[in-house]
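Structure first, then comments.
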Amino acid sequence: MTDQREGGCACGAVRYRMRSAPLFVHCCHCRDCQRQTGSAFVLNALIETDRVELLSGDPKPFAMPTESGRPHTVYRCPECGTAVWSEYGGVKALRFVRVGTLDDPRALPPNVHIYVRSKLPWIALPEGAPAFEAYYDSKKLWPAASLERRRAIFGKGSAPYVSAAAAPGAAANRESRSSTPGTPSTTS
């Protein structure tokens, strides 16, 4: 079995290949993700940008407003408008690939549910699934291999890919987050 996965937009104009397994898969329940997807949550596979190969098409960037004011760019098919991936917090070395655009989205279930404090009440999380009121400390949850890949890009002492301040849903967390960049809030 290969770790490569292919996907694309609804009309087929944009096609891509993830050349390895993702670092981690988020199911984000924040209000920004709910608004921007028109759904209850979004599933994002976090993967290094250089491991996403564009096979066809040219996704167009759209700057999305955020309550936190931090950059959030969604890349969409210029023909059908399907969102295929995002960049959060201006971190261009990391893509948040929309799991629903994979040819087989069942292959990447979420590793964690984040911002569950704004989860819609009729959504039931799987028993035992890691879930956090806001963001979390990736160093405590990610597998060792994913942490090593992070260090290869950002250096040994780097903060998590997306700090609590840059993560989806950060606006709701801004009063309680730590003043140390990359340190998630411990207050719910």
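The values are calculated or read from the model by the stated rules, or taken from the named source; none is laboratory data. Worth saying up front: this structure is predicted, and the values here are computed from it rather than measured. Glycine gets a Cβ as well: all are built from the backbone with ideal geometry, and neighbour counts include every protein chain shown.
Key figures
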quantity	calculated
Region 11-35: number of residues that are part of a helix (DSSP H, G or I) and either among the β-branched types (V, I, T) or free of Cβ contacts under 8 Å to residues at least 40 places away in the same chain (or both)	1
Output for region 89-133, where each listed residue is over 29 Å from T2 (Cα atoms), at pLDDT 95 or above and either hydrophobic (A, V, I, L, M, F, W, C) or loosely packed, with under 12 Cβ neighbours inside 10 Å (or both)	V116, L120, P121, W122, I123, A124, F132
Unmet criterion (only one of (1) closer than 19 Å to S39 by Cα; (2) assigned to a strand (DSSP E or B)) for E53	(1)
Residue among L54, L94 that alone is more than 11 Å from the chain's Cα centre (by Cα) and among the aliphatic types (A, V, I, L, M)	L54
Any pair with Cβ under 8 angstrom, 6 or more apart, that starts in region 111-124 at a residue that is touching a residue at least 24 places away in the same chain (Cβ under 8 Å) and ends at one that is part of a strand (DSSP E or B) and of a type in the set (G, A, S)	V112/A131; H113/A131; I114/A131; V116/A131
Residue list for region 36-45, restricted to those being touching a helix residue (DSSP H, G or I) at 6+ places or on another chain (Cβ under 9 Å) and either without any contact (Cβ under 8 Å) to a residue 40 or more places away in the chain or part of a loop (DSSP other than H, G, I, E, B) (or both)	S39, A40, F41
Out of A21, A83, sole residue that is crowded, with 18+ Cβ neighbours inside 10 Å, of a type in the set (G, A, S) and closer than 22 Å to A131 by Cα	A21
